[in-house]
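Below: the structure, in structure tokens.
The values are calculated or read from the model by the stated rules, or taken from the named source; none is laboratory data. Keep in mind that this is a model prediction, so the values were computed, not measured. Cβ placement follows ideal geometry from the backbone for every residue including glycine, while neighbour counts extend to all protein chains displayed.
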């Protein structure tokens with residue numbers, strides 16, 4: 001009888017703590033966009049006109065013009081707070097892009113600060129062989145347990161899926177007029193260059209730019225910006241803020 005009473009009390013306490021933890025996880029996502037808001041901004045992003053005052057409109061480029069995307073958002077602690085596709089049928093976006101979007105959101109948040117916005121596009125060169133952050137990707141691999149089937153599921157909401165991605169599509173997100181980092185936003189579903197263009201636009205449409213504005217951590221290319229440790233390779237049909245960059249396409253293979 002005593003054992004039964006103790007067991008019942010323990011179960012009740014466990015359930016109470018579980019409810020409290022769930023509420024705390026939900027609270028960690030307060031102030032961040034929900035799935036419906038993310039989808040509406042994701043759909044609007046490719047259609048920002050070239051005349052937009054922010055200077056980030058025009059043709060997105062890429063394979064699909066930025067119309068087949070996954071988006072994911074994490075909070076400052078790295079917890080996944082929401083993800084969704086731009087299409088009504090999620091199977092019409094690359095299934096592999098779900099994990100990539102989540103990892104890009106985690107990466108952009110993980111390496112940015114209140115006063116230092118670092119998009120995943122700007123990490124590319126640093127993480128290549130012979131550079132100072134080579135092998136960084138091995139430090140925090142993505143946990144596939146936190147994926148959902150394309151048709152639905154929680155897919156790790158409230159959890160830290162981690163994963164590190166070092167090409168375009170991830171940007172940090174800010175509050176308080178851009179002075180306070182509150183998480184990261186990840187986009188995947190097209191070329192990495194087009195992914196960055198959409199991520200930049202979605203952040204802008206959400207009103208969550210860093211204080212330096214929507215271009216402070218913009219993708220850089222040697223063809224237009226000169227050699228730099230922050231540069232990113234050109235992609236197929238590459239555009240930046242509606243303008244074709246360099247040759248407008250990725251370099252052909254050589255030597256094999």
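Can you give me the number of residues within region 205-235 that are farther than 23 Å from residue 105 by Cα and out of contact with any strand residue (DSSP E or B) (no Cβ under 8 Å at 6 or more places or on another chain)? Reasoning before the result, please.
Step one: list which residues in region 205-235 are farther than 23 Å from residue 105 by Cα, which gives 222-228.
The next check asks that each one be out of contact with any strand residue (DSSP E or B) (no Cβ under 8 Å at 6 or more places or on another chain); those that pass are 223, 226-227.
Summing the residues that are farther than 23 Å from residue 105 by Cα and out of contact with any strand residue (DSSP E or B) (no Cβ under 8 Å at 6 or more places or on another chain) in region 205-235 gives 3.
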* To do: Scan region 100-146 residue by residue and report those that are in contact with a strand residue (DSSP E or B) (Cβ under 7 Å, 6 or more places away or on another chain) and surrounded by fewer than 13 Cβ atoms within 10 Å (Cβ to Cβ).
  => 113
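Determine if region 58-71 includes at least one residue that is more than 14 Å from residue 190 (Cα to Cα), surrounded by 24 or more Cβ atoms within 10 Å (Cβ to Cβ) and either in contact with a helix residue (DSSP H, G or I) (Cβ under 8 Å, 6 or more places away or on another chain) or not assigned by TED's automatic domain parsing to the domain that holds residue 169 (or both).
Checked region 58-71: no residue is more than 14 Å from residue 190 (Cα to Cα), surrounded by 24 or more Cβ atoms within 10 Å (Cβ to Cβ) and either in contact with a helix residue (DSSP H, G or I) (Cβ under 8 Å, 6 or more places away or on another chain) or not assigned by TED's automatic domain parsing to the domain that holds residue 169 (or both).
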* Qualifying residue in region 128-146 (condition: under 18 Å from residue 232 (Cβ atoms), in contact (Cβ under 8 Å) with a residue 60 or more places away in the chain and not in a loop (DSSP other than H, G, I, E, B)) -> no
* Among the residues listed as 121, 88, the single one being assigned to a helix (DSSP H, G or I), assigned by TED's automatic domain parsing to the domain that holds residue 67 and within 20 Å of residue 190 (Cβ to Cβ) -> 121
* Asked: If residue 183 passes every condition in (1) at positive phi; (2) not in a strand (DSSP E or B) but one, which one does it miss?
  -> (2)
* Structure fact -> Flagged pairs (Cβ under 6 angstrom, 6 or more apart or on separate chains; first in region 216-241, without any contact (Cβ under 8 Å) to a residue 24 or more places away in the chain; second in a loop (DSSP other than H, G, I, E, B)) are 224/245
* Any idea which of 218, 195 is at pLDDT 95 or above and assigned to a loop (DSSP other than H, G, I, E, B)? -> 218
* **Condition met for residue 249 (outside the structural domain of residue 55 (by TED's automatic domain parsing) and either in a strand (DSSP E or B) or over 15 Å from the mean Cα position of the chain (by Cα) (or both))** => yes
